[in-house]
Ligand SMILES: Nc1ncnc2c1ncn2[C@@H]1O[C@H](COP(=O)(O)OP(=O)(O)OP(=O)(O)O)[C@@H](O)[C@H]1O
Ligand SMILES: [Mg+2]
């Protein structure tokens, strides 16, 4: 196996007015290709900041982040955008789509931009993903005409359209009820089985129990790590969740 992500001494400091806030403090962490890892931790501990800096959407203050063999701090803006478009998918905490495009067009757009597949194939794949996630009926609607749960699932379709090597997901089920949340998780597990590595931030023990490793962050530093292993069947979920709950209790979650 090879590493998809290798992070060394990552620091991120936000400076506002004359105050500086060390949000990530010498973080070290790596992921093998095909892994599914969750990040948990209190609000404000730096989880979203971690996803933004390692995906190159925000600058790091110091340290190195090697993604798929490339040191992203050495890449220019254009190269970074290309890398993100072709190899990474994102689901953000704050969901957003282009308001003037339909849901389907929003999903298709990065597929056309990446030029990895013919346009007809992109269209077909977009519809397939939308069917799988039960939102095909929203194809011609706009962002403001769908529910929060539908929008979240549409964002997942968009994130998967280029079959990314890595999917970064920031609370992908945050706005969803249990049923919709389970559907999104099924899809993440499926994408992971098909080879996409997944790094997901979540506050939910149930959601994190689908992943194979859970990292706990407090004040921008890793406090502990629990290895759950790959989930083989959905009926393991309850046992995994209990194990995770016990571990989090010990960490004063
Ligand atoms: N653009 C910014 N400028 C200044 N400070 C910021 C900025 N973004 C985040 N912060 C601060 O960095 C810290 C970590 O924020 P972050 O959003 O990473 O937390 P989080 O772990 O994702 O929290 P939550 O669980 O609530 O989403 C917080 O103290 C936050 O106020
Ligand atoms: Mg966050």
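The values are calculated or read from the model by the stated rules, or taken from the named source; none is laboratory data. Just so you know, these numbers come straight off a predicted model, no measurement behind them. All Cβ positions, even for glycine, are placed from backbone atoms using ideal geometry, and neighbour counts span all protein chains on display.
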Condition check: free of Cβ contacts under 8 Å to residues at least 24 places away in the same chain, away from ligand 2 (no atom under 16 Å from the Cβ) and assigned to a strand (DSSP E or B). Does residue 20 satisfy that? yes
Out of the residues in the range 34-71 meeting the condition of being away from ligand 1 (no atom under 16 Å from the Cβ) and closer than 17 Å to residue 215 by Cα, tell me which one is surrounded by the most Cβ atoms within 10 Å (Cβ to Cβ). 36
If residue 181 satisfies all but one of (1) part of a helix (DSSP H, G or I); (2) in contact with a helix residue (DSSP H, G or I) (Cβ under 7 Å, 6 or more places away or on another chain); (3) surrounded by fewer than 22 Cβ atoms within 10 Å (Cβ to Cβ); (4) in contact (Cβ under 8 Å) with a residue 60 or more places away in the chain, what's the number of the condition it fails? (4)
Can you tell me which of 139, 114, 118 is over 30 Å from residue 41 (Cα atoms), away from ligand 2 (no atom under 16 Å from the Cβ), modelled with pLDDT of 90 or more and out of contact with any helix residue (DSSP H, G or I) (no Cβ under 9 Å at 6 or more places or on another chain)? 118
Which count do you get for residues in the range 71-110 that are touching a strand residue (DSSP E or B) at 6+ places or on another chain (Cβ under 8 Å), within 23 Å of residue 128 (Cα to Cα) and within 16 Å of ligand 2 (Cβ to nearest atom)? 3
May I ask you to verify whether residue 168 is part of a strand (DSSP E or B), out of contact with any helix residue (DSSP H, G or I) (no Cβ under 7 Å at 6 or more places or on another chain) and crowded, with 18+ Cβ neighbours inside 10 Å? no
Within the set of pairs 6 or more residues apart or between chains, which connect a residue that is closer than 12 Å to residue 97 by Cβ inside the range 135-149 to a residue that is part of a helix (DSSP H, G or I) with Cβ atoms less than 6 Å apart? 138/103; 138/150; 141/103; 146/138
Heads up, the helices (runs of 4 or more DSSP H) in the range 42-127 (entirely inside) with at least 3 residues that are within 19 Å of residue 161 (Cβ to Cβ) are 77-87, 103-114
In the range 156-186, which residues are closer than 14 Å to residue 196 by Cα and within 16 Å of ligand 1 (Cβ to nearest atom)? 168, 169
Kindly evaluate residue 227 against the criterion of being surrounded by fewer than 21 Cβ atoms within 10 Å (Cβ to Cβ) and on the phi < 0 side of the Ramachandran plot. yes
Which residue, of 233, 238, 208, is touching a helix residue (DSSP H, G or I) at 6+ places or on another chain (Cβ under 8 Å) and on the phi < 0 side of the Ramachandran plot? 208
Any residue that is surrounded by fewer than 19 Cβ atoms within 10 Å (Cβ to Cβ), outside any helix (DSSP H, G or I) and either more than 16 Å from the chain's Cα centre (by Cα) or modelled with pLDDT under 95 (or both) - is there at least one of those in the range 238-250? no
Given the structure, is residue 43 out of contact with any strand residue (DSSP E or B) (no Cβ under 9 Å at 6 or more places or on another chain) and within 16 Å of ligand 2 (Cβ to nearest atom)? yes
Looking only at the range 148-155, decide whether some residue is within 16 Å of ligand 1 (Cβ to nearest atom), in contact with a helix residue (DSSP H, G or I) (Cβ under 7 Å, 6 or more places away or on another chain), closer than 21 Å to residue 90 by Cα and outside any loop (DSSP other than H, G, I, E, B). yes
